[in-house]
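To start, the structure itself, in structure tokens.
No value in this document is a laboratory result; all are computed from the given coordinates. Computed from a predicted structure; not experimentally measured. Cβ placement follows ideal geometry from the backbone for every residue including glycine, while neighbour counts extend to all protein chains displayed.
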Amino acid sequence: MKRWLYNPVLASSLKTRMRGWRTAAAVTAYLGVMLFIAYIFFKISVENGVMYYLSFSSSRSAGLRVYLMLAVLQFALILLVTPAQTAGVISSEREMQTLDLLLCTKMSPLSIIIGKLLSSLAFILLLIISSIPLFSLVFLFGGIAPEDVAMLFLFYIITAFAVGSIGIFYSALFKRTVVSTVVTYITIFFLGIVSVVLGAYMMSVHYSQVPSPTDHYIPFILYINPAVGLGDLLARQAGDPTTNVYYGILGLFFGVSRSLGSPQGWFQKLPLWIGNSAVISGIAVLLLCASAWVIRPYKRLRCKS
Amino acid sequence: MLVVRDLVKKYGDFLAVDHLNMEVERGQIFGFIGPNGAGKTTTMKIIATLLAPTSGRVVVDGIDVFKDPIKAREKIGYMPDFFGVYDNLKVKEYLDFYGSAYGIEYRERRKIAEDLLELVDLSDKKDAYVDTLSRGMKQRLCLARCLIHNPELLILDEPASGMDPRARAEIKAILKELKRMGKTILISSHILPEVAEICDSVGIIDRGKLVVQGSVEQIIQRMTGRTVVRIRVLRDMDRAISLLKEQPMVTSVIQEDQELEVACKGSDEDLWQLLRALVSSDVPVVSFRKMEGNLEQIFMEVTSDEEMAL
């Protein structure tokens, strides 16, 4: 491997993580939860007559429902698992008293942070890949193409990157893993709820001021919430916005706004999920740089030689 | 090799390091001695580029560590007083990991790791998991770790603390071997006699200040103002005592069986004059030994008097 691509923290973590039973048990538990919930959902749908296999269109609808359910479930699990994977990576090094040993090597603080993040993301990627067989069940029903699933998985990775960087940042900021983990979960929950509530409020104010709105307005705050990006992506994949589940839930915000005229500005012309991915990735990069700054042992500006 | 000039480290109003100056020659073992909380670890962390000072300058082999910390790290091997080890990592993988963190190529670091494990006598443990090693073994492994990039200056913060006498002896033997290899070693301890026998010179730090620096003998002489020699004579004990008392540099003579404990002022030159006086008077001297002073007592005296500086 080329030297500039080689990250010792990542290489060591990849080597040691798969040792023992913990990782295998974690993957099994993760898939077990997904399978269990998917089975319950499927069973209830069939028993209630929501799903039946008499025609092509009903099969497509059933496939779509299963897909949407799995997509949201996996998204929720990623939001749950990623902070647990990242919020202790630096603080645990401090707790184990190994951080100083790392910082006095030739590795820069940023490469240590990147190595830690990538090793956590590698685990998330393993979970995502291991769920492919479950997602492939959707292909039995039809209605969803493999490229849709690939796009969804790409969005998962971007989400994990963004959420992971929040965990890493708090892990660098706080000395204790417990504190950084709790604060990471609180931040994610707070951002998720506040951005949607604030976004809805801003939209309602905007459209109430315009008697017959013709513009396409999406408040920027919605771009920081990956759930909104997921909603947009799934809505696009599901097709008809008037009949699928997502527009029923999230149409209040962007579904309605999209039906109102054409978007203004190049950024808003982008699909919402792509704009959302770009914004959360940008924030993630800033947080990673801030994390590297926090753990940087030697702050030149402080020293008066 | 190491020059520290006017180093100051403040934590709010607390002065952890107070205008500290010291120099360590290349190839020397320098004992950095002081009671707990004296500022040893803070100073060592600053030298190891892990902590920014409030002011001052540290130069390692001509490199200003504050201006070029990355380059300075190539010259420094740091072993902290407390350190942890990773789970799930074998001894050889542990060294391989740190070798890669120092940018050493895979084949080269494998060879270096084997040599270092041999040096610290852990070759037979190379496939053992690090967290299963005893404390003494972990200390030796950490010593090997800080040698992985072949640094010229080793900063060892209390490397023998909490170890049994056998493990201490092993560490001392390794340090002697490293000195033979030409390494410069800065070693801290809160017990002066513990490191005195392996150190070429020592510095005693108290409340952030380096209160005394020099060889162990120099410090003893400066602090007590005298040298003690034990002289064994075959016969003519009374004549030897009266002859010794006549010498101007002798301050006291105490007889213990066939040995005499003689306290005298002055340098090694004066001791030689003393021995020559005895031999030229046909006193049958069979043993003439310069005694080390009571290091413990000196350490206590130095660290209890804030104003004592040489």
Could you tell me what percent of the DSSP beta bridges with both partners in chain B are antiparallel, to the nearest 5?
70
Calculate the spin-label point distance for residue B:10 paired with residue A:37, positioning each point 7 Å from the Cα along the beta-carbon direction, and give it in nanometres.
5.5
Using every Cα-Cα pair within the range A:141-193, state what percent have a distance larger than 13 Å.
65
Ratio of Rg to Rh over the range B:225-295 (Cα coordinates, Kirkwood Rh, two decimals):
0.92
Expected integer from the mean partner chain Cβ neighbour count at 10 Å over A:19-25 is 1
For the protein assembly as shown, average projected area of the Cα convex hull in nm²:
37.7
How big is the dipole moment of the range B:56-112 about its Cα centre under a simple scheme where the beta carbon of each Lys and Arg is +1, that of each Asp and Glu is -1, and everything else is neutral? Debye, nearest 20, please.
160
Computed over the range B:2-214, the relative contact order (Cα-Cα under 8 Å, seq sep at least six) in percent reads 33
Please sort A:177-189, A:193-205, A:222-234, A:62-74 by packing, taking for each peptide the average over its residues of neighbouring beta carbons within 10 angstrom, highest first.
A:222-234, A:62-74, A:177-189, A:193-205
Among beta bridges assigned by DSSP with both residues in the protein assembly as shown, the antiparallel ones amount in percent, to the nearest 5, to 65
Between helix B:295-304 and chain B, what is the angle of the helix's C-alpha long axis to the longest principal axis, kept within 0 to 90° and rounded to the nearest 10?
70
Show me the chymotrypsin sites (Phe, Trp or Tyr not before Pro) within the range B:1-95 that DSSP assigns to loop and that have at most 15 other Cβ atoms within 10 Å of their Cβ.
B:82
Among the GluC sites (Glu not before Pro) within the range B:174-260, which fall in a DSSP loop and have no more than 14 other Cβ atoms within 10 Å of their own Cβ?
B:197
Cα convex hull volume per residue for chain B (Å³):
157
